[in-house]
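Readers should treat all values here as calculations from the given coordinates under stated rules, not as data from a laboratory. Since this is a predicted model, take the numbers as computed values, not measurements. Glycine also receives a Cβ, built like all others from the backbone with ideal geometry; neighbour counts cover every protein chain displayed.
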Amino acid sequence: MAGRRLTADVDGSFVVFVIGMRVNAYWKLHRWLPVALAMPRMLREIEADPESGLLGSEGAFSPPRTLLLLQYWESVDALREYARAPDGEHLPAWVEYNRETAGTGDVGVFHETYVVDDGDHESVYVDLPAFGLARATDARPAEGERETAAGRLGRTDGEDAAVTPDGEVVASDGGPAGRR
């Protein structure tokens with residue numbers, strides 16, 4: 001894996017969905033534990049359904065009190081269909097949160113939704129297995145035209161640089177990059 005550079009290969013648009021919770025009152029376990037336990041159930045449900053539209057996900061913990069889940073979806077419609085399904089895990093959990101916990105200040109929840117148009121993204125993963133978008137879609141070597149961020153975005157204006165394994169900064173046209 002040493003020296004390996006990957007990028008995500010995605011055709012078409014997709015959705016990045018960030019969802020999470022913040023524990024505001026640790027001592028109120030009865031408020032935040034049901035919220036924390038709902039997400040793994042939802043994730044198992046949508047991962048088990050290849051038609052759900054979920055491409056993949058990554059989880060994170062931001063100490064001392066925030067849980068975060070990064071999801072990649074085929075479309076906003078697929079995400080909304082899952083969120084509104086009356087027989088799924090999400091809708092009852094959302095109703096329960098609003099009835100029992102919202103407005104108490106004990107647990108905060110959030111989500112952000114980003115629609116990414118075809119060609120409007122770039123990624124690089126150095127010395128990692130496929131991760132994030134590359135794991136959710138297709139990973140390919142970040143080499144040649146995909147060596148730099150500009151190249152991965154389909155730009156060839158020479159305004160980007162790469163760093164070689166020996167630490168040399170090289171412009172996207174192969175020449176020295178100069179000062180930045």
Among LEU128, THR113, HIS90, whose Cα sits farthest toward the positive end of the charge dipole of segment 87-148 (+1 at Cβ of Lys/Arg, -1 at Cβ of Asp/Glu, about the Cα centre)?
HIS90
Restricting to Cα pairs below 8 Å that are 6+ residues apart, what does the relative contact order work out to for segment 67-158? Please round to a whole percent.
20 percent
Answer with a single label: of (1) 61, 36, 28; (2) 44, 40, 28; (3) 159, 24, 21, which was calculated as Cα extents along the principal axes in Å from the structure in view?
(1)
Enter the angle in degrees (range 0 to 90, nearest 10) between the Cα long axis of helix 29-47 and the first principal axis of the Cα atoms of the chain, meaning the one along which they spread out most.
60 degrees
Report relative contact order for segment 14-116 in percent, whole number only (criteria: Cα-Cα under 8 Å, sequence separation at least 6).
47 percent
Calculated log₁₀ intensity ratio I(q)/I(0) where the Debye formula runs over C-alpha points of segment 14-116, q = 0.25 Å⁻¹:
-1.46
Between GLU112 and VAL169, what is the FRET efficiency for a Förster distance of 30 Å, r being their Cβ-Cβ separation, to the nearest 0.05?
0.35
Okay, helix-only estimate at 222 nm for the chain: each DSSP H run of n ≥ 4 adds -39500 (n - 2.57), divide by all residues, round to 500 deg cm²/dmol; what do you get?
-7500 deg cm²/dmol
